[in-house]
Amino acid sequence: MIGADLVLNNCSQVLTMVGGGLGIVEHGTVRIRGGRVDEVAGHPLTPADGETEIDCHGKVVMPGFVDPHTHLVFGGWRQNEFEMRLAGRTYREIAEAGGGILSTVIHTRLATEDELYNRALERLHEMLLWGTTTVEVKSGYGLDTETELRMLRVARRLGELGFCRVVPTFLGAHSVPKRTPKADYVECLETEMIPAVAAAGLARFCDVFCEDFVFTAAESTRILEVGKRHGLVPTIHADEIESSGGAEVAASVGAASASHLLRPSDSGLQAMAQAGVAAVLLPGTCFFLREPHKSPVARMRELGIVMALASDFNPGSCPMLAQPLTAQFGCIHYGMTIEEALRGITVNAAKALQLDSEVGTLEPGKAADVVVTDVPDYRHIVYRLGHNPVWTTIYGGRVVHRQF
Ligand SMILES: [Zn+2]
């Protein structure tokens, strides 16, 4: 691994993401010292003693990608459901046939912590090859205290490896376990699971799958408020399958972000804008599920809602973990601009995780999480559909993946 002090010279473009746009510095240079961005210059810099120079001729350099919504830790894949869906079965029909989240719950409960860790590690490594340096990881395939804690311990171990920032989220309210009355499970979440997760310091966020047929707006509000009392920042799966008042809940509890938002009400979006809730859009999921509805990006743009983009990587509705591809789906499928999409996987994703003082832009003092892409113009990152543009990934000033 190449260590902390680097000079990325002769970049074709540096995208700093500073100032509300892409912050393009043509023929720029990035100097990294002590794991932090030290300087972004519009001309080459001479490396000092002990600094390593990387020639970035013909390359675009930008902040490491932030993926603010993933279900990285799980047991078992669900390729059979993919086939069922292609044959025309709906989400509900698949769930009633024993598929869906609850099938992953069975495989996750059966897996040991090391098994979950080893599988998640392979996926995390793949993310690194695609430039992700910060990833949010949810629990939610245990639906019992023991397995939820096991998933969150796996997330913590992945973060401790030191090649990617891992932000853990407790999503015990992902579904209701089989043969458990919902009221009993909500009570268990509130009196047992949330306190246990918070006491162990294993999560930063508390999340809920808010849908009328999963957790209603009222139940979601209750759960998120209990999470807040235990120091967990609220976030929510909102208005994906039905319009269920999820955007309104996000605003009323002061959530950091609301995800999915395929069918939010307009008043819900207005409330989100007013409360400063970031929208985490998941166009890869929408595309993979062949959903006719798309998130109302134009309205969000008009309301000035921060739009972040996440992979939603999970074994059911989106087995895709590459943030450059998410950006491509954001543009092609959701109608975002290239600038919105690239901000969506960097600075706006950092905002959704409340980490924007640390990551998401390239400016002095920020963590030196940097991606060097092998394309000469930033538009290629979105335009070259399916291409992995990542040439080098730098995390905290250390080269953690390179092709040179
Ligand atoms: Zn999700």
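The values are calculated or read from the model by the stated rules, or taken from the named source; none is laboratory data. Worth saying up front: this structure is predicted, and the values here are computed from it rather than measured. As a convention, Cβ positions derive from the backbone with ideal geometry for all residues, glycine included, and neighbour counts pool all protein chains shown.
Conditions first: (1) small (Gly, Ala, Ser); (2) part of a helix (DSSP H, G or I); (3) in contact (Cβ under 8 Å) with a residue 24 or more places away in the chain. Residue 76 passes all but one, so which condition is the exception?
Every condition holds for residue 76 apart from (2).
Is it true that residue 343 is away from the ligand (no atom under 16 Å from the Cβ), more than 30 Å from residue 85 (Cα to Cα) and buried (at least 24 other Cβ atoms within 10 Å of the Cβ)?
Numbers: away from the ligand (no atom under 16 Å from the Cβ): yes; more than 30 Å from residue 85 (Cα to Cα): yes; buried (at least 24 other Cβ atoms within 10 Å of the Cβ): yes.
Spelling it out, residue 343 is indeed away from the ligand (no atom under 16 Å from the Cβ), more than 30 Å from residue 85 (Cα to Cα) and buried (at least 24 other Cβ atoms within 10 Å of the Cβ).
What tally of residues in segment 187-199 results from selecting those that are more than 25 Å from residue 66 (Cβ to Cβ) and surrounded by fewer than 20 Cβ atoms within 10 Å (Cβ to Cβ)?
Qualifying residue count, segment 187-199: 8.
Mind listing just one residue for me: the one in segment 242-275 that is under 18 Å from the mean Cα position of the chain (by Cα) and farther than 21 Å from residue 333 by Cα and, of those, surrounded by the fewest Cβ atoms within 10 Å (Cβ to Cβ)?
Here is the first cut: in segment 242-275, the residues under 18 Å from the mean Cα position of the chain (by Cα) are 250, 255-262.
Those still in the list that are farther than 21 Å from residue 333 by Cα too: 250, 255-257.
Numbers: 250: 33, 255: 30, 256: 21, 257: 30.
The selected residue is 256.
With the structure loaded, tell me whether residue 359 is touching a Cys at 6+ places or on another chain (Cβ under 8 Å), surrounded by 17 or more Cβ atoms within 10 Å (Cβ to Cβ) and β-branched (Val, Ile, Thr) or whether it fails that test.
Details: touching a Cys at 6+ places or on another chain (Cβ under 8 Å): no; surrounded by 17 or more Cβ atoms within 10 Å (Cβ to Cβ): yes; β-branched (Val, Ile, Thr): yes.
No, not satisfied.
In segment 45-66, how many are surrounded by 15 or more Cβ atoms within 10 Å (Cβ to Cβ) and in a loop (DSSP other than H, G, I, E, B)? Quick ask: steps written out before the conclusion?
In the first step, residues of segment 45-66 are kept if they are surrounded by 15 or more Cβ atoms within 10 Å (Cβ to Cβ); the result is 45, 47, 51, 53-54, 56, 59-66.
From what's left, in a loop (DSSP other than H, G, I, E, B): 45, 47, 51, 56, 59, 64.
Within segment 45-66, residues that are surrounded by 15 or more Cβ atoms within 10 Å (Cβ to Cβ) and in a loop (DSSP other than H, G, I, E, B) number 6.
Scan segment 139-196 for residues that are within 16 Å of the ligand (Cβ to nearest atom) and charged (D, E, K, R) and report the count.
Matching residues across segment 139-196 total 1.
Could you tell me how many of the residues in segment 156-186 are without any contact (Cβ under 8 Å) to a residue 40 or more places away in the chain, among the basic types (Lys, Arg) and surrounded by 13 or more Cβ atoms within 10 Å (Cβ to Cβ)?
So the answer is 1.
I'd like to verify a number: residues in segment 218-242 that are modelled with pLDDT of 95 or more and either of a type in the set (Val, Ile, Thr) or within 13 Å of residue 268 (Cα to Cα) (or both), how many?
8
Going by what's in this entry, would residue 67 be described as touching a strand residue (DSSP E or B) at 6+ places or on another chain (Cβ under 9 Å), of a type in the set (Asp, Glu), within 16 Å of the ligand (Cβ to nearest atom) and under 28 Å from residue 393 (Cα atoms)?
yes
All but one of (1) surrounded by fewer than 20 Cβ atoms within 10 Å (Cβ to Cβ); (2) over 13 Å from the mean Cα position of the chain (by Cα); (3) free of Cβ contacts under 8 Å to residues at least 40 places away in the same chain; (4) in a loop (DSSP other than H, G, I, E, B) hold for residue 364; which doesn't?
(3)
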